[in-house]
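Single-structure report; data block below.
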Amino acid sequence: MMARTLATALVLTAALAVSGCGRKSGLDSPYEAAVQARKDAEKAKEPLPPEPTPPLKDRRFILDGLI
């Protein structure tokens, strides 16, 4: 019984430690990531990835009001 409690405590501690990792900022859209990758490649004088196409205007969906 004691081993199971200890194992559970260790798993919970590890999960909390891992959940604190990461970057604190907004998420990058695929377009923003492609633009940044292109800038980084240009700065490093590497071959440029293809030019990203801008995203389409976001249209409202009928169920958006539920979210």
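What is the extension gain from A9 to K57, computed as 0.36 nm multiplied by their sequence separation minus the C-alpha to C-alpha distance, in nm to one decimal?
Result for the pair: 12.5 nm of gain on full extension.
Considering the chain as a Gaussian network with a 10 Å cut-off on Cα pairs, which listed residue, A44, A33, A17, attains the greatest mean-square fluctuation?
The residue with the greatest mean-square fluctuation here is A17.
Working out 0.36 nm times the residue gap between K39 and M2, then minus their Cα-Cα distance, what length gain in nm do you get to one decimal?
Value of the extension gain: 7.8 nm.
Viscosity 1.002 mPa s, temperature 20 °C: Stokes-Einstein D of the chain from its Kirkwood Cα radius, in µm² per second?
For the chosen part, D equals 126 µm²/s.
What is the angle, in °, between the Cα long axis of helix 30-43 and the longest principal axis of the Cα atoms in the chain? Nearest 10 is fine, range 0 to 90.
70 degrees
Where a number appears in this text, it was derived from the coordinates with a stated rule and is not lab data. What you are looking at is a predicted structure, and each value in this text was computed from that prediction instead of being measured.
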